[in-house]
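To keep things clear, I will list the structure first and then write my remarks on it.
The values are calculated or read from the model by the stated rules, or taken from the named source; none is laboratory data. This structure is a prediction, so every number in the text was calculated from the model and none was measured. FYI the Cβ positions are ideal-geometry reconstructions off the backbone, even for glycines, and counts take in every protein chain you see.
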Amino acid sequence: MDLASHPGTQPRVHELVALDGALALELGRNDDGLEMSIVVGQHADLGTGQAGEDQLGDFIGRHGGFAGSDTARNSKGEGVPAVGCRLWAFLDRPARAMTDPSLMIARGRRVLATEAAAVAALEHRLDDSFARACDVVLACTGKVVVTGMGKSGHVGSKIAATLASTGTPSFFLHPGEAIHGDIGMITAADVVLALSNSGETDELLTILPVIKRLDVPLIALTGNGGSTLARYATVTLDVSVPAEACPLNLAPTASTTATLAMGDALAIAVLEARGFTEEDFARSHPGGSLGRRLLLHVEDVMRKGDELPRVGPDTPLSAGLLEMSRKGLGMTTVVDAAGRVLGIFTDGDLRRTLDKQLDIHATRMADVMTTQCKVAEPRMLAAEAVHLMETHRITSLPVVQSNDDRLLVGALNVHDLLRAGVM
């Protein structure tokens, strides 16, 4: 196959070959001996010698009777099915070819490989510029103002959200709104993080002089180190990519993925430098299961006061069973005169007691209780109480003031934790 230089030629020829192969299988025809030579030149049709006829229809229509006959000639002069005819038949049914599962999977893998390579390349570019960018963010006493147009703007919104949720106050400013008054949101205490692959986005360039006059530090994430944005920036982070994942090399794909990854790297590096903890994270995520797991404490969900099941060590088992039924926790605590936990009696203990055929009226609670039982403390995270129950396969816990004095202050079971949304 003889190919002249033409932008995008190679991928298109691969498509034609793939389609021709699929068509051969579909029609079940014998292509032995068929010679096919395709030469694609910019604005040149080699079959006619006429300029400006490089469309697929013109090409097929002028080579070997592709569009108008059912046969072509092979090297022996014998009539064989014309490739052009079969291509036209194939193009009349594009859905069957272009959505072929193997082609769709191959395209998806190509995109993922392209974007993975773009992100992997960033690792080797991180240098002192990245460290300076982290220092600028850490030194900020105001907010990090993230800005960008189009797809860069969407990526910027996510970066701003990540920064805000990981201990760095941040918000997104649309440059189109900024040039119509919203630039007043930027103060001298802020840092601006600007995103532009080209570094020449008109709306961004319009607000750069204002940022400069405010003497606000500017961090640029751009794929063009020689751009206007890069020249204005205090620190420039290189997010360039060799090619987009789009076969036309037009739709922002690999470049936006690389920019997002660099934003995440910046946010997490700053997070670690701040000593950001799980509880810090939970404070910015009070809603949903994440916030409940990280913020809710045992004291927030435990039963207390008259809801607590408790009996003395000399209480008859029959009275202990009544206490368990009244309080509905599936257990009762056994406490001394000062209210310290001596043990616990649960539904499981009851089954074991009945197996021994003990007299429930003559048996004391001290004789059947479980001593050295597991307990929780009020300031323990509810999620820790869940872990304690799961580890020891229990369904309820007494809550004591501290593990040293074992003074009973509450109790809870799995249903309390389920209602609170912790489990």
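Of note:
- Restricted to segment 215-230, and to residues there that are β-branched (Val, Ile, Thr) and touching a strand residue (DSSP E or B) at 6+ places or on another chain (Cβ under 7 Å), the residue that is surrounded by the most Cβ atoms within 10 Å (Cβ to Cβ) is Thr222.
- Selection status of Gly288, outside the structural domain of Gly148 (by TED's automatic domain parsing), at positive phi, out of contact with any strand residue (DSSP E or B) (no Cβ under 6 Å at 6 or more places or on another chain) and at pLDDT below 90: yes
- When Val239, Val270 are checked against the criterion of being in contact with a helix residue (DSSP H, G or I) (Cβ under 6 Å, 6 or more places away or on another chain), over 17 Å from Ala118 (Cα atoms) and buried (at least 21 other Cβ atoms within 10 Å of the Cβ), Val270 stands alone in meeting it.
- Residue check, Ala233 modelled with pLDDT of 95 or more and surrounded by fewer than 22 Cβ atoms within 10 Å (Cβ to Cβ): no
- Filtering segment 396-406 to residues that are loosely packed, with under 15 Cβ neighbours inside 10 Å and either in contact (Cβ under 8 Å) with a residue 40 or more places away in the chain or not assigned by TED's automatic domain parsing to the domain that holds Gly320 (or both) leaves only Asp405.
- Once segment 350-376 is narrowed to residues that are surrounded by 18 or more Cβ atoms within 10 Å (Cβ to Cβ) and in contact with a strand residue (DSSP E or B) (Cβ under 8 Å, 6 or more places away or on another chain), the residue that is nearest to Glu299 (Cα to Cα) is Ala376.
- Looking across segment 363-381, the residues that are touching a residue at least 40 places away in the same chain (Cβ under 8 Å) and either within 15 Å of Ser396 (Cα to Cα) or aliphatic (A, V, I, L, M) (or both) come down to Met365, Ala366, Val368, Met369, Ala376, Glu377, Pro378, Met380, Leu381.
- When each of Ser157, Ser129 is tested for being polar (S, T, N, Q) and in contact (Cβ under 8 Å) with a residue 60 or more places away in the chain, the lone residue that passes is Ser129.
- Total residues in segment 304-361, condition among the hydroxyl-bearing types (Ser, Thr, Tyr) and closer than 17 Å to Val399 by Cβ: 3
- Within this structure, Leu412 fails the test of being in contact with a Pro (Cβ under 7 Å, 6 or more places away or on another chain) and in contact (Cβ under 8 Å) with a residue 40 or more places away in the chain.
- Selection status of Val311, among the β-branched types (Val, Ile, Thr) and not assigned by TED's automatic domain parsing to the domain that holds Ile159: yes
- Among helices (runs of 4 or more DSSP H) entirely within segment 102-183, having at least 3 residues that are among the charged types (D, E, K, R) singles out 128-139.
- Among residues that are touching a residue at least 24 places away in the same chain (Cβ under 8 Å) and over 16 Å from Val422 (Cα atoms), Val386 is not included.
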